[in-house]
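Only the coordinates and a few stated rules stand behind these numbers; no lab work does. Since the structure is predicted, the reported quantities are computational estimates derived from the model, not experimental observations. Cβ placement follows ideal geometry from the backbone for every residue including glycine, while neighbour counts extend to all protein chains displayed.
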Amino acid sequence: TLSYFDGAHHATRATAPALFSIAMADDICPPSTCFTAYNRYAGPKEVRVYEFNGHEGGAEHHRAEQLAWVRALFAGLPAEQADPA
């Protein structure tokens, strides 16, 4: 039954802030499906696109992005002001 599950169908009901990571060379989670879920996501959202990465996404670079994003979220700052360093 998992093959019938598509997160994009549930994205329209989402309300929590979300950070999406999309790797353009991902052959497990195709970028087209990730962009569909992102575009349908109803809550506050941001996306990081990794042009040359596969399923590992942005790897350690994205981990730093995630931490900065969460820090900014809890501090009440706009995510654009987050410093991933």
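Any idea which residue in the stretch 45-77 is nearest to the chain's Cα centre (by Cα), counting only those that are under 19 Å from residue 7 (Cβ atoms) and in a loop (DSSP other than H, G, I, E, B)?
57
Starting from the stretch 20-37, keep only residues that are assigned to a loop (DSSP other than H, G, I, E, B), then list their pairs with residues that are among the acidic types (Asp, Glu) whose Cβ atoms are within a distance under 7 Å, requiring at least 6 positions of separation or different chains.
Final answer for the pair search is 24/51.
Looking at residue 42 and the list (1) within 26 Å of residue 64 (Cβ to Cβ); (2) part of a loop (DSSP other than H, G, I, E, B), which single condition is not satisfied?
Result: residue 42 fails condition (1) only.
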